[in-house]
Structure formats: structure tokens, C-alpha cells
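S.K.: One structure coming up, written as C-alpha cells, with questions to follow.
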Amino acid sequence: AQTVTQSQPEMSVQEAETVTLSCTYDTSESDYYLFWYKQPPSRQMILVIRQEAYKQQNATENRFSVNFQKAAKSFSLKISDSQLGDAAMYFCAYRSARGRAGAQKLVFGQGTRLTINP
Amino acid sequence: DSGVTQTPKHLITATGQRVTLRCSPRSGDLSVYWYQQSLDQGLQFLIQYYNGEERAKGNILERFSAQQFPDLHSELNLSSLELGDSALYFCASSVGQNQETQYFGPGTRLLVL
């Protein structure tokens, strides 16, 4: 079974600075997807960014980018120019690319609580 | 706004009771997933439906059941509720079975007293 580990329960960063959240995963599959979801105090789960394992290029969405290291099974999220609205819980998630039943579920890490200091 | 709606937003009930949570997927999405978020277990997959049929089960208790109706909305039924069932229940949807991105609803916060 796949597992996702976020080793940083809490992180903090000064406004306008850059912060990196870590995520590692364990799988025997070669084709899969990885995601970062943001959960602000409203508790809504918001997709931040996604990465296809077959793509070598790291995904980027505005101030958010990932460092995907497939061999190391590492998937970190970098937030540049941190803003107060970035304060939230961030969850790393894994999804198999296999078509078999049950493979579509998301497997989540335990989350990292990010605080932005003004 | 993800386009996924869930009702009710909050639910307070007593142990032993039964509740129904409702989810309407994004327009055009055929797959619905239910997840439970609790303090001790984190975010866990419960069950998936695709176009009315159950596709996968995760860590779903026998006291829980779900279904997806012809109009594609889904309901999660929780019965014989226990204190430990208190959690945030999310519904997510995706276009098909193999579409990689799932979009989440706002969740239903269940408190069992």
C-alpha cells in the first residue's frame, strides 16, 4: 500500500519570504500523480498544484512550485513571496494512475500547518 | 468555489442516531468520493461511486453506507453513531474514473454528543 509522509507538523515563515514544505511517499508503482492541497481555516480543501510522475518537468502555479524527485520519492512544495492568505494546513497526496478499481483514491499525508508572520 | 456542494454544513446529533450527508458533484462529473477527516486518523478515503455504481471501498465502517443516485448526487448514511464518528466528512468529484484531479466540497462537520 502507498504511504505519504509529511515530516514537518508545523512551519512558519515571514511574509514575502520563501518556504518549502516536505513530502515523501512510498510506492512500487511507476505511474502516479501527486498533489498538494491547501486547507485554510474555513476547512475547504483547495487544490494547489499537481504533478504527473511521468513528467520530468516540475509543476508551477504562480508562486507555488514543486521539486519532484522521483528516484528519491520526494515531492516538496515551495511557496515564494509568502502572503498572509497562504496560512493554512497543507496536505500532500498520492493517487495511482492505474485504472483498476480502488486505485483512484487519494492517499494523504498528515499535513503541515503553515503560519505566516507579518 | 469548487462546484461541489455538500449539505448540511454542520450536524450535531446524539450517540446511537442516524444521519444522512448529501453531496452534489460538479456538473459533468461522474465519480464521487467520500473522505473522513478526524484528528486521530487524518484524511481517509471511505468509498467511491462512478455513475451510480460502487467502485471502491476504503476504511468505511459497516455502520456506514452510501449510494449514488441517477442524477449523480450521492448520500453517505451514518448509523448507530458513536462519539468517535465526530469528524469532517468531505465529498469530492472527478470527471471519470481515471481523471486524476478530485475537487472537494466544503465538507460536513459532524459532532456526535
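Nothing in this text is a laboratory measurement; each read-out follows from the coordinates by a stated rule. Remember, predicted model here, so these are calculated numbers, not experimental data. All Cβ positions, glycine included, derive from the backbone under ideal geometry; neighbour counts span all protein chains shown.
S.K.: Taking interchain pairs and intrachain pairs at least six residues apart, which have beta carbon atoms under 7 angstrom, with the first residue in segment B:35-53 and within 11 Å of chain A (Cβ to nearest Cβ) and the second surrounded by 22 or more Cβ atoms within 10 Å (Cβ to Cβ) and assigned to a loop (DSSP other than H, G, I, E, B)?
M.R.: B:Phe45/A:Lys105; B:Phe45/A:Leu106; B:Gln48/A:Gln104; B:Gln48/A:Lys105
S.K.: Within segment B:54-94, track down each residue that is within 10 Å of chain A (Cβ to nearest Cβ), in a strand (DSSP E or B) and farther than 19 Å from B:Ile12 by Cα.
M.R.: Result: B:Glu54, B:Arg55, B:Ala56, B:Lys57, B:Ala92, B:Ser94.
S.K.: Turning to a different aspect of this structure: Considering every residue within segment A:10-33, establish whether at least one is within 10 Å of chain B (Cβ to nearest Cβ) and either touching a residue at least 24 places away in the same chain (Cβ under 8 Å) or out of contact with any strand residue (DSSP E or B) (no Cβ under 8 Å at 6 or more places or on another chain) (or both).
M.R.: yes
S.K.: Follow-up. With the requirement that a residue be among the hydrophobic types (A, V, I, L, M, F, W, C), under 14 Å from the mean Cα position of the chain (by Cα) and not in a strand (DSSP E or B), what does segment A:7-66 give you?
M.R.: Answer for segment A:7-66, where residues must be among the hydrophobic types (A, V, I, L, M, F, W, C), under 14 Å from the mean Cα position of the chain (by Cα) and not in a strand (DSSP E or B): A:Cys23, A:Met45, A:Ala53, A:Ala59.
S.K.: For the structure I just gave you, tell me whether A:Ser82 is crowded, with 16+ Cβ neighbours inside 10 Å and part of a loop (DSSP other than H, G, I, E, B).
M.R.: yes
S.K.: Just for segment B:27-53: of the residues that are in a strand (DSSP E or B) and hydroxyl-bearing (Ser, Thr, Tyr), which one is farthest from A:Gly109 (Cα to Cα)? It would help to see each step written out before you state the result.
M.R.: Filtering segment B:27-53 down to residues in a strand (DSSP E or B) leaves B:31-38, B:42-50, B:53.
With hydroxyl-bearing (Ser, Thr, Tyr) added as a condition, the list becomes B:31, B:33, B:35, B:38, B:49-50.
On the way: B:Ser31: 23, B:Tyr33: 18, B:Tyr35: 14, B:Ser38: 13, B:Tyr49: 23, B:Tyr50: 25 Å.
Among them, the one singled out is B:Tyr50.
S.K.: Report the residue count in segment A:64-99 for those that are within 14 Å of another protein chain (Cβ to nearest Cβ) and either in contact with a strand residue (DSSP E or B) (Cβ under 9 Å, 6 or more places away or on another chain) or more than 25 Å from A:Asp31 (Cβ to Cβ) (or both).
M.R.: Qualifying residue count, segment A:64-99: 11.
S.K.: Which ones in segment A:38-77 are in contact (Cβ under 8 Å) with a residue 24 or more places away in the chain and basic (Lys, Arg)?
M.R.: Selection gives A:Lys38, A:Lys73.
S.K.: State whether one or more residues within segment B:8-22 are of a type in the set (Lys, Arg), over 25 Å from A:Pro40 (Cβ atoms) and surrounded by 15 or more Cβ atoms within 10 Å (Cβ to Cβ). Let's see the steps before the verdict.
M.R.: Within segment B:8-22, the subset of a type in the set (Lys, Arg) is B:9, B:18, B:22.
With over 25 Å from A:Pro40 (Cβ atoms) added as a condition, the list becomes B:18.
If we keep only those that are surrounded by 15 or more Cβ atoms within 10 Å (Cβ to Cβ) as well, we get none.
Checking segment B:8-22: not a single residue is of a type in the set (Lys, Arg), over 25 Å from A:Pro40 (Cβ atoms) and surrounded by 15 or more Cβ atoms within 10 Å (Cβ to Cβ).
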